[in-house]
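Visitor: Got a structure for you, written out below as structure tokens; questions coming shortly.
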Number of protein chains: 2
Amino acid sequence: MDVTDRSPSLNGWRELIDGAEIGEIDEPIINVDRDDTREYDAIFIGGGAGGRFGSAYLRALGGRQLVIDKWPFLGGSCPHQACVPHHLFSEAARELDLARWMSGKLWFPEFEEKRASILEMVELFRAGRNTAHAFMNWQSKEQLGMEYILNAPATVIDAHTVEAAGERFSARNLVLATGATTRWPAIPGLDIPGVFDFAGLVEDLDYEPNRCVIIGGSKIALEYGSFFQATGCATTIVSRSPLMRTASLHHVDEDLRSYVVNGMRARGMTILEGAEPVEVVGNGRVTGVRVRLADGREEVLDTDFVFVGTGEQARSEPFVEALGVDIDERGSIVVDRRMQTSVPGVYAIGDLIGAPMEMFKARKCGMTAARNIMGEPYEFDFSEYPDFLHSTYEVTWVGLTEAEARERYENVIVIQMPPKGVEFEDLPLPCAEGTMIYAFTKPELTGFQKCVVDADSRRIVGAHHVGYGAKDAFQYIDFLIRRPQGLTIDDMAEMNELFLNPEHFIQLCRLRAGQRDVVDL
Amino acid sequence: MDVTDRSPSLNGWRELIDGAEIGEIDEPIINVDRDDTREYDAIFIGGGAGGRFGSAYLRALGGRQLVIDKWPFLGGSCPHQACVPHHLFSEAARELDLARWMSGKLWFPEFEEKRASILEMVELFRAGRNTAHAFMNWQSKEQLGMEYILNAPATVIDAHTVEAAGERFSARNLVLATGATTRWPAIPGLDIPGVFDFAGLVEDLDYEPNRCVIIGGSKIALEYGSFFQATGCATTIVSRSPLMRTASLHHVDEDLRSYVVNGMRARGMTILEGAEPVEVVGNGRVTGVRVRLADGREEVLDTDFVFVGTGEQARSEPFVEALGVDIDERGSIVVDRRMQTSVPGVYAIGDLIGAPMEMFKARKCGMTAARNIMGEPYEFDFSEYPDFLHSTYEVTWVGLTEAEARERYENVIVIQMPPKGVEFEDLPLPCAEGTMIYAFTKPELTGFQKCVVDADSRRIVGAHHVGYGAKDAFQYIDFLIRRPQGLTIDDMAEMNELFLNPEHFIQLCRLRAGQRDVVDL
């Protein structure tokens, strides 16, 4: 189906994608400008976060690109299986959490256990996700001027040639952007019905789980686990490492961690740290997970639902075979800071090059590849970045933990709420939008915040927050603390706060900024 | 009661303030260092936002201060009657709004009209507010080292002398910080029981209102009105000016305004613009408000509850009488950018010097006075600032509106969601935490965002958002756009977004940043 000379509306795109989903449309969707005789500067294999943003950027720079995706839409796994359902489920978790704590109080009715349904939320997501897909197809064509072939797998022929939709396309460069998939643990029983990863959950769930065992302690384990538990599905997390103390998460402050993990336990989750899954057992459907506990004992955890949250691995194999690109010991494609692989003219971006498998990295990798391809030398260092996850809360952090800062600087001070020594029960701070009802009913649920300051340079070197509504700010705090001059508590004292601000950093810093020798608050 | 040599715990302070509230403690609460023989650098009259932060800053600079407040706590009206109850009520409005739209769907039960009670929310606030007060007394003494006299009115004798708690105190300077109070309109009937302003509401409400008429169209009118309506109390706003198009709110973009006001109407509020209140009528309790409508007709709006949201005026009178300080035509004390009044050695800060009556201004005024008093020349210009209000949403903005930008710059582009020409019903963007459930059920409720860019300098000159969770970011966006170099879309392209971010600005700017000549998105 060639849409090049048509301009499907949002609804038109939605119908097209719906049709492809149910198999009514099984041909490629082609949007290629045959009148443009220029060679492609790049073909992007995969139109997810990295491929779409890289394509848009290359196009904005005046280059010519083609992006090819096996799915009938651009945007990739984020709106289809990953960030978007995760955010929908995390919002459900937050609202369910409030409804439980407030059960029978104020206008909140008695909370009915098992009224909330995981299956219903999954179905809600499935029914609506194509709207976002439609928008990305529309925007990419109408606003960004991109060329693309969708609903068609791409086969790499060589470093300049790709086959898709029965046609060969050539380009000065290739950009590989096919992402990652769950790294399944090496235990028996994962093929028994009732075992899901985040992708399988939204594609295949067709019954209502009553109990859940989560294998793995990744971000996704915390996020989906908090949602499952909030719906009333009793959830156990089986994790080798203590939660949030895994290699894949850096700069997790211990006070932040304990607030979050204690909060998950207070909501009824069972967290088995130092535990290993041994096998999934079942009988046409999973019935349990055998685990080896921290003390060496083995036990079968009864369950009708297993969720695997053990992290992801790059889909690099086809490119190793076709092009011989170098990969690392985890199977991720090796690139330099310009996103160039070991094969000249071939770039790789996003989850395909390994951790962190985050949106900002995928998109900026795409931008980086585009700039270099268009002749602008540009390097992207993603070793430091702001990070977040959801429990029933939004948990956000950037920069150093208190412990890391104390190792690096001689004179570290901490500005936090509640202050050290004050019990969470005694002080409903920090609070703001999202925690006001808790502030007046359950102060210990209002969250936690900490700002870590190198007292000598007066710079903020780390910021940490549990609550709601601060996440958006951390994008800008990250930018500010990375400036050559950094972000000092004196800068903070000059800012115009919007009170009540979820993280309270500005006014708290201002209370200390007058001091020549700043101390804890 | 002298607490100078005691260190009441948080709970100790709470008991003390509770005791003062019910009249058990009617003596002054004194925390004055009699061993310090230095003259006071300043006495702050009023320990609210400005007085407390000014005192803390002066103390941090090494000066000696005394703050005197008639209430038994520091912090002033914000935690007692203003920002804190407003945030609690606005959070209730948001949750009630969600519960109504989702009534009978997912896990949400059928919404019962009139289950939510304004009175119960007011009582919840009243029962809890002393906890925040206790913290501020504790923090101010234990962490900030301030001296204070509470539960005692201050009488100004001259520019260097104040009497409080039966004692005279002298200082090099006075800082006046007694705030503002409702500017009651000049109409009959405001003394009939059932007429409240924001302060009276939390102090005196003792029945459950069924219908509400709001006189005035200030921020407070929108905020409290949205809450009343959300509880099921049918609310009518009577406003001379169109809502959000009043002199007290600057830089309100028309698209932002119409999204917010249309949203209030969609939730059942009656908004009478161009209308004048004529009188409040009643019979031992209010029964109605006579209004003159935009077309000149008069009509009585039946109601059992009147809320006055006509703005505030400075409590300047005692200082005009005692010191002869100059005031402006609205009664606000006139100060220069150092917060100096017309009387040497006398400063005034916060709401007492007029609009904007916002937290950042009060606190930074206090800081400004403190710095100048301690010999550091420092000027504070608050003519530009980020601003926000609540409907059932968080509404936040900074910088220029699109229309203002088009007047000032030749080549303005706009990056917004939904894009111009796309219907709210067709696109659930922007969405993030707080609007995900709407995104999959009622896309038109997910909010609106707009970023205004001067295409020639590539600078962001305005940012506007309706939704949830972006407010905290606007504090930092304000700081960034005010830098000499401003904040360009190229800076945005370099940032590390935390996706899904409530305002989507970073990635949307990145989609355009590659262009030499940027265009709308």
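Visitor: Let me spell it out: the conditions are (1) surrounded by fewer than 24 Cβ atoms within 10 Å (Cβ to Cβ); (2) more than 10 Å from chain B (Cβ to nearest Cβ); (3) in a loop (DSSP other than H, G, I, E, B), and A:Gly63 meets all of them except one. Which number is the exception?
Guide: For A:Gly63, the exception is condition (2).
Visitor: While we're looking at this one, here's another question. If a residue must be at the interface with another protein chain (Cβ under 7 Å from one of its Cβ atoms), of a type outside the set (Asp, Glu), under 25 Å from B:Glu384 (Cα atoms) and in a loop (DSSP other than H, G, I, E, B), how many such residues does the stretch B:502-514 contain?
Guide: Number satisfying all stated conditions: 1.
Visitor: Which numbered condition in (1) part of a loop (DSSP other than H, G, I, E, B); (2) surrounded by 16 or more Cβ atoms within 10 Å (Cβ to Cβ) is the only one that A:Pro242 fails?
Guide: Every listed condition holds for A:Pro242 apart from (2).
Visitor: Next question, about the same structure. What is the residue count in the stretch B:265-277 for residues that are within 23 Å of B:Trp397 (Cα to Cα) and crowded, with 22+ Cβ neighbours inside 10 Å?
Guide: 0
Visitor: Still on this structure: Collect the residues in the stretch A:419-439 that are more than 9 Å from chain B (Cβ to nearest Cβ), in contact (Cβ under 8 Å) with a residue 24 or more places away in the chain and over 28 Å from the mean Cα position of the chain (by Cα), keeping them in residue-number order.
Guide: Hits for the stretch A:419-439 are A:Lys420, A:Phe424.
Here is a yes/no grid of residues against (1) touching a helix residue (DSSP H, G or I) at 6+ places or on another chain (Cβ under 8 Å); (2) assigned by TED's automatic domain parsing to the domain that holds A:Ala199:
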site	(1), (2)
A:Val291	no, yes
A:Arg297	no, yes
A:Asp304	no, yes
A:Glu317	no, no
A:Ala322	no, no
A:Val325	yes, no
A:Asp328	no, no
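Visitor: Which is without any contact (Cβ under 8 Å) to a residue 12 or more places away in the chain, farther than 27 Å from A:Glu123 by Cα and of a type in the set (S, T, N, Q), of A:Ser258, A:Ser239? Outline the logic, then answer.
Guide: Values: A:Ser239 fails: without any contact (Cβ under 8 Å) to a residue 12 or more places away in the chain.
Testing whether each residue is without any contact (Cβ under 8 Å) to a residue 12 or more places away in the chain, farther than 27 Å from A:Glu123 by Cα and of a type in the set (S, T, N, Q) leaves just A:Ser258.
Visitor: Here's a follow-up. If the requirement is being assigned to a helix (DSSP H, G or I) and of a type in the set (Val, Ile, Thr), which of these qualifies: A:Val291, A:Val281, A:Val261?
Guide: A:Val261
Visitor: Can I ask one more? Please find, among A:Asp490, A:Asp517, the residue that is more than 7 Å from chain B (Cβ to nearest Cβ), surrounded by fewer than 22 Cβ atoms within 10 Å (Cβ to Cβ) and in a helix (DSSP H, G or I).
Guide: A:Asp490
Visitor: Name the strands (runs of 3 or more DSSP E) wholly within the stretch B:336-433 that hold at least 2 residues that are closer than 28 Å to B:Glu321 by Cα, assigned by TED's automatic domain parsing to the domain that holds B:Asp326 and at pLDDT 95 or above?
Guide: B:346-348
Visitor: Can you name the number of the only condition in (1) in contact with a Cys (Cβ under 9 Å, 6 or more places away or on another chain); (2) free of Cβ contacts under 8 Å to residues at least 24 places away in the same chain that B:Glu123 fails?
Guide: The single condition B:Glu123 does not satisfy is (1).
Visitor: Still on this model: If the requirement is being over 30 Å from A:Glu379 (Cβ atoms) and surrounded by fewer than 23 Cβ atoms within 10 Å (Cβ to Cβ), which of these qualifies: B:Val452, B:Val414?
Guide: It is B:Val414.
Visitor: Scanning the stretch A:166-189 for residues that are of a type in the set (A, V, I, L, M, F, W, C) and surrounded by fewer than 18 Cβ atoms within 10 Å (Cβ to Cβ), which turns out nearest to A:Gly284 (Cα to Cα)?
Guide: Top of the filtered list is A:Ile187.
Visitor: Quick check: is even one residue across the stretch A:384-401 among the acidic types (Asp, Glu) and without any contact (Cβ under 8 Å) to a residue 24 or more places away in the chain?
Guide: Checked the stretch A:384-401: no residue is among the acidic types (Asp, Glu) and without any contact (Cβ under 8 Å) to a residue 24 or more places away in the chain.
Visitor: How many residues are at the interface with chain A (Cβ under 7 Å from one of its Cβ atoms) and not in a loop (DSSP other than H, G, I, E, B) when one looks only at the stretch B:99-120?
Guide: 1
Visitor: Looking at this structure, is A:Arg338 among the basic types (Lys, Arg), under 30 Å from A:Val260 (Cβ atoms) and surrounded by fewer than 24 Cβ atoms within 10 Å (Cβ to Cβ)?
Guide: Spelling it out, it is not the case that A:Arg338 is among the basic types (Lys, Arg), under 30 Å from A:Val260 (Cβ atoms) and surrounded by fewer than 24 Cβ atoms within 10 Å (Cβ to Cβ).
Visitor: Could I ask something else about it? Kindly indicate the residue of the stretch A:74-113 that is of a type in the set (Gly, Ala, Ser) and at negative phi and also surrounded by the fewest Cβ atoms within 10 Å (Cβ to Cβ) among those meeting that condition.
Guide: Looking at residues that are of a type in the set (Gly, Ala, Ser) and at negative phi, I get A:Ser103.
Visitor: Here is a further query. Mind listing just one residue for me: the one in the stretch A:465-487 that is facing another protein chain (nearest Cβ under 8 Å) and in a loop (DSSP other than H, G, I, E, B) and, of those, nearest to A:Val398 (Cα to Cα)?
Guide: A:Ala470
The values are calculated or read from the model by the stated rules, or taken from the named source; none is laboratory data. Note that the structure is predicted; figures quoted are calculated from it, not measured. Cβ: placed from backbone, ideal geometry, glycine included. Neighbour counts: every protein chain shown.
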